[in-house]
Amino acid sequence: MLGERPVVRSSPVTIVLALVLLAGALYVGFTPIGAAPALGAFLDPVHGVWSVATRANLAPTESHAIPGLTAPVDVRFDDRGVPHIFARNTLDAMRALGWVHARDRLFQMEIQTRAVAGTLAELVGPRTLQLDRESRLQGLAWSAERNTAIIDSTSESGRETRAYSDGVNTFIDNMSAADMPFEYHLLGARPQRWKPAYSAYLLARMGLTLTLEVSNWELKRAQADALVGKAATDVLFPMNEPLQEPIQPNGQHGVRMDWSTVPAPAAPNAQKLALSIAMSHSLAAIATATLPMSPSAQQDAETGEFAVGSNNWAVAPKRTAAGHALLSGDPHLALSMPSIWYEAHIVVADSLDAYGVTLPGAPFVAIGFNRNVAWSETNTGADVADYYAETVDNDAHPSKYKLDGEWKPLELRIETFHDKKGKTLATDTIYHSHRGPMLRVGKQWVSRRWTVLDPSDALRPFRDLNKATTSAELMRAIEPYAVPAQNFITADRDGHIAIRSTGHFPVRAANANGDALIDGSTSANDWKGWWPVSDYPQSFDPAQGYLASNNQQPKDPKVDPRYFGHDWATAWRAIRINTLLRADSSVTPDDMRRFQTDPYSAQPQYFLPFMHAAAAAVPAGSDSSVIVRASKLLDSWDGKFTKENERAILYEYVIDEISRRTWDELRVPDKSVSGGYYMAATPNSMILLELMQDPKNIWWDDRSTPNVVEDRDAIIRSAIAAAYRRVVVEHGEEGLNWRWDQIRHANIYHLLRLPALSRLNIPVQGGSTTLAPALAAGTHGASWRMVVELGTDVRAWGTYPGGQSGNPSSKRYDDRIAHWSAGVLDTLRFPRRPSDLTGSMLTSHLTLTTGKTGR
C-alpha cells in the first residue's frame, strides 16, 4: 500500500437489514423513474429483492459451466475482489471475463447499452423517451452495428468479442432471482441478452463522452461571436493556448507565455445571436445526449474551468530513485456507482498476462500493465467534429440534398420507440447526408461529420497493446486506433518511455477549420483524409527524462502551426506536474502517488500578486476595511487546497467574482433562468490572466455601472470585497466552517440517481486547477489512480472510487472509497500462477468448466 491507511469503520452485520430498509424506501420513492413492480413480487422472500442479499458477497468456492469452453478456467478472487483469470487460450479467457462482468455489473452493462441504443423507455418507462430520441439521432448504435458487421467474424477481434458475449449470456441464462441485480427487481424487469455489437456500443459512448466538450465549444463560440464580434472571440476562445507547456516536449525549461491584446467587444448582432441560440438549442440534442440521470461534462459557468482533467506521466530510470521506469495513470471522468471501471487480471499461457481496469461490456484491459510494459491514456481533445449547412429539396420532408450542383439522395433511417410492454411511443425519421445525421434548425438543415461515426475496429488496438512486450511495440499496436483520440503513454522494463496523441485527426479544407458552420453544398469543404502517424504529437525517450499529459495543447504551435483543435484545458495542471518532475531527479513510487493528489495549483502564483497590489492601493471607502482584511487572509494562505485549509475558499471565490464581473459582455438575457441571464461562453482563467497584463483594457469596465469606467484594479478590489462577504454569508465568520473539506466534496451518484445507492459529500483534496481538479458539484474526479514500477519484477498500486460489485448490499460495493478519498493506493496483486494466491490473499475460488450450464 502507498500512503497512510485511513480509518475505516464498517458494520457488516447490518448490511442485510440495511438493504431491506433501503428496498422499502426506494420502492416508496420510485415513481420519478418509472412504474414500480407489484409489491408482492418485489418483496417475495425467495424470488424478490430480499434474495439479492444472499448473493451479496463471494462464496469461498464455486463452479459453473460455460458452453464452448475448450478447457477449465481457474478464476481466483483476491482480498480486494479482483478476479485473476487463468485460461489456456484467449477465447476461454474472454468467456470467463464476460461471465464475471455479468455477475458483478450486469445492470450497469445493460443501462449503458440502452443509453446508446435509445431503448431506455423499454426498461424504465416513457419518461426517458426524449433521451432515447436524442440517442437515436446521435447515430451511435447505428454506427456500432455497422462497425460490428464489417469486422471479419473470423478475425481475432471478432472471435474474442463473440466469446465475451457467450460468457455474459451464460450468466444471464442461468441466473436465479438472487443473482439478478437489485435494480431489475426495482424495475420489475429482466435482463436482455447480450450481443457482440454491444461492446462496440460502449466504445461509441466513450467516443461521445470524450469528444463532448469540443462539440459544445463550437456552439458556444457562435454565440460569443454574435455578442462581441469575431476579433474578440478569436482571442477569448483561441485555437492556441497562451500558456505553452505542451505534451510533446519543445525544449523549453518552463512555461512560455504568448500574450495577445484582447480587442474591444463589438456591438452585439441581434440577428446573428438569435440564429446562434436557435442552433445551439437544436444541436444540443446531437452534441450532448448521454446516460440518463448522469451529469455531462462539468464546467464552471463563471470561470470557464472544466473539472474533467485526466493526467498521466512517465519517468525514465535516470530520474528515479531505484533506477526503474515509473508510470502514473490518473484518468478523470464522471463518477458513478458502480464505477465505470472493473479491475481484472487476465492470464493466458505464453500470450497474455495483463492487469488493470476493464470496461464492463468490453473484452480488454484499457489501462494497466503486463510483465514488461505499462500504459495509460488521457483525452486528447482534438477537434474531430464539424457542422455543415446542407441544402435540401424540401424543408419539411427532404429526400435529396445538393452537392456540387447535383441532387443526391438522402439516406433515411426510421426509428421506432417502445415502452416496457412493447407499445409504440413514437416514430422518428432521421436523415443522413454523406457526412452524417442531419438536424433541422429553423429552415436550415445541419449535418455533423464526426470521427466517432466512422467505421473502425477499436477492439483490435487494445487487444494488441495488452500483449505488447516493449513501449515501441505498444506504440506500433495502437497505430490503427481511431476514436476517441487519446494521449497514450507507456513505460517498459528496459527503461524506455513514450507518449503519442493517437486517433484519426482530419485534414481539413483550407477555409474550414471547424470553428464555424461550414457550407455543405460543395465537396471541396469535406475532410481530405487523416494526419499520418508520423505527424501526431509524440515523443520517445526525451532528453528531459520524463513525459506528461494533462489535456493541454499537445504540440507547440511554434513547432507545428497546423490546426489541431481549440479551447484546450487550462495549462495549470501541466505547469504543476512539469514543475514537480523537473525538480526531482530521484522519484519514488510514493512520490508518484503524492503527485496525483498534490494540493498545490500553479494558478495562484500568477494571480495573487495582482490581488495584493490592487488591495494595497485601495482608496478609503466603505469596502476598504473588508478588502484589507481579505487581502491579509490571502497573503497568509500557503497556497494549498488541502482538506483542512481555511483560506483556499476565499481565493476560489475571488477568482470567481473577478470572472463574473469581467465577462459581463458575454451574458445572454434570459428571464427563465436564475439571475436573469446565462453565459453564452466564459473565457477560461488563462485568458483572464492574459487580460490582467492590460490594466486599462475596456473589458474591465462593468456595464452595470454606467457612470463609472472600471479598470483592472477596481474590478479586483470589488471582487475581493464581494468574495469575502459571500464566504461569510454562505459559511459563517472565519473559522472551521471555512475548511476546504466543509465545502468541496465528491458526489458519486448511482446510475439511476437514487440517493440511497449513491455515496455523497465525500471530502476531497484539490481545487479547480490542481492535479486532482474538483468543482462544487463534485460529480467528476479521478476514476482510477495507478502507479507502476517497471523493475525486475513489475510492482503496481491503484484504486478507484467505489467497489467491484454492483450489488449495494455487498461489502465490495463501496469498499475502496475511503482509500480513494485519502489518496491511498492499494497494492495490486500480480500472481504468475493460481497457486500464488492463497491464504488471506484469496477470497474466492471460481472454476468455470466445459459442458452443460446449470448451478
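The values are calculated or read from the model by the stated rules, or taken from the named source; none is laboratory data. None of the values given here were measured: they were computed from a predicted structure. With ideal geometry, Cβ positions are generated from the backbone for all residues, glycine too; neighbour counts draw on all protein chains shown. Protein only, heavy atoms only, side chains kept; ligands, DNA and RNA dropped before computing areas. Shrake-Rupley method; radii C 1.70, N 1.55, O 1.52, S 1.80 Å.
Here are the numbers:
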{"item": "The listed residue being of a type in the set (A, V, I, L, M) and at pLDDT 95 or above, out of L439, L412", "result": "L412"}
{"item": "Search result, residues across the stretch 433-480 that are in a loop (DSSP other than H, G, I, E, B), open to solvent by 10 Å² or more (accessible area, probe 1.4 Å) and over 23 Å from L403 (Cα atoms)", "result": "S456, D457, A458, K467, T469, T470, E479, P480"}
{"item": "Test: residue in the stretch 619-640 that is over 30 Å from G735 (Cα atoms), of a type outside the set (V, I, T) and without any contact (Cβ under 8 Å) to a residue 12 or more places away in the chain", "result": "no"}
{"item": "Output for the stretch 378-422, where each listed residue is closer than 30 Å to Q192 by Cβ, surrounded by 16 or more Cβ atoms within 10 Å (Cβ to Cβ) and charged (D, E, K, R)", "result": "E415, D419, K420"}
{"item": "Some residue of the stretch 785-806 being hydroxyl-bearing (S, T, Y) and more than 30 Å from L91 (Cα to Cα)", "result": "no"}
{"item": "Qualifying residue in the stretch 635-654 (condition: assigned to a loop (DSSP other than H, G, I, E, B), more than 30 Å from A224 (Cα to Cα) and over 34 Å from the mean Cα position of the chain (by Cα))", "result": "yes"}
{"item": "In the stretch 592-619, the residues that are more than 23 Å from N684 (Cα to Cα) and part of a loop (DSSP other than H, G, I, E, B)", "result": "A617, V618, P619"}
{"item": "Residue match in the stretch 768-785 (condition: in contact with a Phe, Trp or Tyr (Cβ under 6 Å, 6 or more places away or on another chain) and either of a type in the set (A, V, I, L, M, F, W, C) or without any contact (Cβ under 8 Å) to a residue 12 or more places away in the chain (or both))", "result": "yes"}
{"item": "Hits in the stretch 632-671 - residues which are farther than 21 Å from P599 by Cβ, modelled with pLDDT of 95 or more and open to solvent by 10 Å² or more (accessible area, probe 1.4 Å)", "result": "K632, E657, R660, R661, E665, R667"}
{"item": "Single match in V587, V559 (criterion: farther than 29 Å from V787 by Cβ and either modelled with pLDDT of 95 or more or open to solvent by 50 Å² or more (accessible area, probe 1.4 Å) (or both))", "result": "V559"}
{"item": "Search result, residues across the stretch 87-117 that are surrounded by fewer than 24 Cβ atoms within 10 Å (Cβ to Cβ) and farther than 24 Å from A200 by Cα", "result": "R88"}
{"item": "Search result, residues across the stretch 118-138 that are among the small types (G, A, S), closer than 22 Å to W450 by Cα and surrounded by fewer than 23 Cβ atoms within 10 Å (Cβ to Cβ)", "result": "none"}
{"item": "Flag if K467 is over 25 Å from the mean Cα position of the chain (by Cα), over 30 Å from A189 (Cα atoms) and touching a residue at least 60 places away in the same chain (Cβ under 8 Å)", "result": "yes"}
{"item": "Strands (runs of 3 or more DSSP E) wholly inside the stretch 750-845 that include at least 2 residues being of a type in the set (A, V, I, L, M, F, W, C)", "result": "759-763, 785-790, 794-799"}
{"item": "Residue count for the stretch 517-537, restricted to those that are open to solvent by 40 Å² or more (accessible area, probe 1.4 Å), farther than 30 Å from L275 by Cβ and in a strand (DSSP E or B)", "result": "1"}
{"item": "So Q596, is it closer than 25 Å to A321 by Cβ, surrounded by 15 or more Cβ atoms within 10 Å (Cβ to Cβ) and touching a residue at least 12 places away in the same chain (Cβ under 8 Å)", "result": "yes"}
{"item": "Subset of the stretch 770-827 [polar (S, T, N, Q) and out of contact with any strand residue (DSSP E or B) (no Cβ under 9 Å at 6 or more places or on another chain)]", "result": "T792, S805, N807, S809, S810"}
{"item": "All positions within the stretch 476-493 that are touching a residue at least 60 places away in the same chain (Cβ under 8 Å) and within 22 Å of G381 (Cα to Cα)", "result": "V483, P484, A485, Q486, N487, F488, I489, T490"}
